[in-house]
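Note sheet for the following structure.
The values are calculated or read from the model by the stated rules, or taken from the named source; none is laboratory data. Just so it is clear, the model here is predicted, and its values are computed rather than measured. Cβ coordinates were reconstructed from backbone atoms using ideal geometry, including for glycine residues, and neighbour counts include every protein chain displayed.
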Amino acid sequence: MTGIVPQIIDDISCYAPAFLKESSHFPKENFKDLYGCEQGHFWFEARNQLIFYCMQKYLSVSLRPKILEVGCGTGFVLEGLAQKFPGYDLSGTELYLEGLRFAKLRSPHLTFFQADARDLPFSDTYDAIGAFDVVEHIEEDVDTLKSFYKALKPGGLLFLSVPQHMWLWSQQDEMSCHKRRYTRKELKNKLRACGFVLRDTTSFVSLLLPLMALSRLKRKTRADLEEIKISGFLNAFLMAIMKVEMLIIKCGISLPMGGSLFCVAEKR
């Protein structure tokens, strides 16, 4: 860790206080909506299951790996990891205090701090870093990946998810302050350029891709929270489909297309 002394604001260590007023990466008001709907929502639950599976596959719980989630939002992923893997040493960072307040409310037993993902104040510190639907919000995505690389120990692992396929671009992406959606080739090339070795790659939300494309086409000129605010029946139906998709991935099949892309990469 560097010698940077954080500023304490609202009982939170802030390593990048100058960016607290910045809102170009993610609408701050969305944290409240996310906190209220993540639990039980098919997409967030399915993504968590994929994260759990990959971390269990590549990390040894017996070594008590030190894990940082960058862009942890309201802490939904971290709380799930804490329940699934109590042996993990978990902490989370977020650019916005609004998200960290909800994360601390959800998981008061975990460590949270404010920092800029593009310039994490750590070197050779973490066994694993997770960034789930984060780097697409950042213009300087390569600088962000380099920051992750620096913060990882040699042999450390990066678990990364991003939205896939620019042809799915809609007003929903613009409302979410996305800078891009990725192709598999683009993401792999950027990770390799930063020094990472790819260990695993798969698309997900693949079986729902036709429905997702239709939904995005209908909202080319309108954006709202419809994608996460759905009926209980529809949510249960989509959850069942995502469980089938998870079984396919667990069989070792790398899905070629999907609404999102998931990678596991290793620091040389």
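Quick notes
- Picking from residues in segment 87-96 that are out of contact with any Gly (no Cβ under 9 Å at 6 or more places or on another chain) and modelled with pLDDT of 95 or more, the one that is surrounded by the most Cβ atoms within 10 Å (Cβ to Cβ) is Leu90.
- Each residue in segment 83-102 was checked for being hydrophobic (A, V, I, L, M, F, W, C), closer than 16 Å to Phe132 by Cα and in contact (Cβ under 8 Å) with a residue 24 or more places away in the chain, and 2 of them qualify.
- Flag for Gly73 being in contact with a Leu (Cβ under 7 Å, 6 or more places away or on another chain), under 30 Å from Leu214 (Cα atoms) and buried (at least 23 other Cβ atoms within 10 Å of the Cβ): yes
- Leu105 vs. criteria buried (at least 20 other Cβ atoms within 10 Å of the Cβ) and among the aliphatic types (A, V, I, L, M): no
- The single condition among (1) assigned to a loop (DSSP other than H, G, I, E, B); (2) in contact (Cβ under 8 Å) with a residue 40 or more places away in the chain; (3) touching a strand residue (DSSP E or B) at 6+ places or on another chain (Cβ under 7 Å) that Gly130 does not satisfy is (1).
- Where helices (runs of 4 or more DSSP H) sit wholly within segment 1-99, those with at least 2 residues that are over 22 Å from Gly258 (Cβ atoms) and not basic (Lys, Arg) occupy 30-37, 76-84.
- Residues considered: Arg106, Arg64. Of these, the only one that is of a type in the set (Lys, Arg) and modelled with pLDDT of 95 or more is Arg106.
- If you go through segment 43-81 and pick out every residue that is hydroxyl-bearing (Ser, Thr, Tyr), under 28 Å from Gly232 (Cα atoms) and free of Cβ contacts under 8 Å to residues at least 60 places away in the same chain, you end up with 1.
- Looking only at residues of segment 159-205 that are within 18 Å of the chain's Cα centre (by Cα), in a loop (DSSP other than H, G, I, E, B) and in contact (Cβ under 8 Å) with a residue 40 or more places away in the chain, we find that the one that is surrounded by the most Cβ atoms within 10 Å (Cβ to Cβ) is Val205.
- Scanning segment 100-109 for residues that are out of contact with any Cys (no Cβ under 7 Å at 6 or more places or on another chain) and part of a helix (DSSP H, G or I) turns up Leu100, Arg101, Phe102, Lys104, Leu105, Arg106.
- A single member of Ala236, Ala265 is in contact with a strand residue (DSSP E or B) (Cβ under 7 Å, 6 or more places away or on another chain), at pLDDT 95 or above and of a type outside the set (Asp, Glu), and it is Ala265.
- The requirement of being hydroxyl-bearing (Ser, Thr, Tyr) and surrounded by fewer than 20 Cβ atoms within 10 Å (Cβ to Cβ) is not satisfied by Ser147.
- Of all the numbered requirements in (1) surrounded by fewer than 18 Cβ atoms within 10 Å (Cβ to Cβ); (2) modelled with pLDDT of 95 or more, Lys218 misses one, and that requirement is (2).
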